Amino acid sequence: MANDLYSVLTRDQAIEDFVATVLPSVVEEYEQDGIIDGPARREAWNNWTDSLCKNELISDWQYANWSQPDECERDTAYSRRTIRSNSYTFKLAVY
């Protein structure tokens, strides 16, 4: 249980970390066709917040009450910029 924690992440911090570390892999794996995969993004967010709670980085209350961020349903300017700057995918040209 993550009760009575001295310090926790804010929702904005959790979203920022999610967009920078988790969302790029979701985009790479499930959105190769350029279409947003809402269910994959929502599942990734749920798994992310579950891990934050289990590692006592957010409280049980935060885990139970946070809604999914806009980035789970659509790209935002912030998420597009972050994903592009963190992209490590390189495609080889075929001649």
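The values are calculated or read from the model by the stated rules, or taken from the named source; none is laboratory data. Keep in mind that what you see is a predicted model, and the values were worked out from it rather than measured. All Cβ positions, even for glycine, are placed from backbone atoms using ideal geometry, and neighbour counts span all protein chains on display.
Within the stretch 16-34, the residues that satisfy the criterion of being β-branched (Val, Ile, Thr) and either within 10 Å of the chain's Cα centre (by Cα) or over 17 Å from Gln68 (Cα atoms) (or both) are Val19, Thr21, Val22, Val26. Among the residues of the stretch 49-61, count how many are of a type in the set (Asp, Glu) and not in a helix (DSSP H, G or I). Summing the residues that are of a type in the set (Asp, Glu) and not in a helix (DSSP H, G or I) in the stretch 49-61 gives 1. Taking every residue in the stretch 48-75 that is within 16 Å of Val22 (Cβ to Cβ) and pairing it with any residue that is in a loop (DSSP other than H, G, I, E, B) and of a type in the set (Phe, Trp, Tyr), at least 6 positions away or on another chain, the pairs with Cβ-Cβ distances below 9 Å are Thr49/Trp66; Ile58/Trp66. Need the failing condition index for Ala64 against (1) in a loop (DSSP other than H, G, I, E, B); (2) hydrophobic (A, V, I, L, M, F, W, C); (3) over 16 Å from the mean Cα position of the chain (by Cα); (4) modelled with pLDDT of 90 or more, just the number. (1) is the only condition that Ala64 fails.
Taking the criterion of being out of contact with any helix residue (DSSP H, G or I) (no Cβ under 9 Å at 6 or more places or on another chain) and under 16 Å from Glu73 (Cα atoms), the only residue of the stretch 40-58 that qualifies is Asn46.
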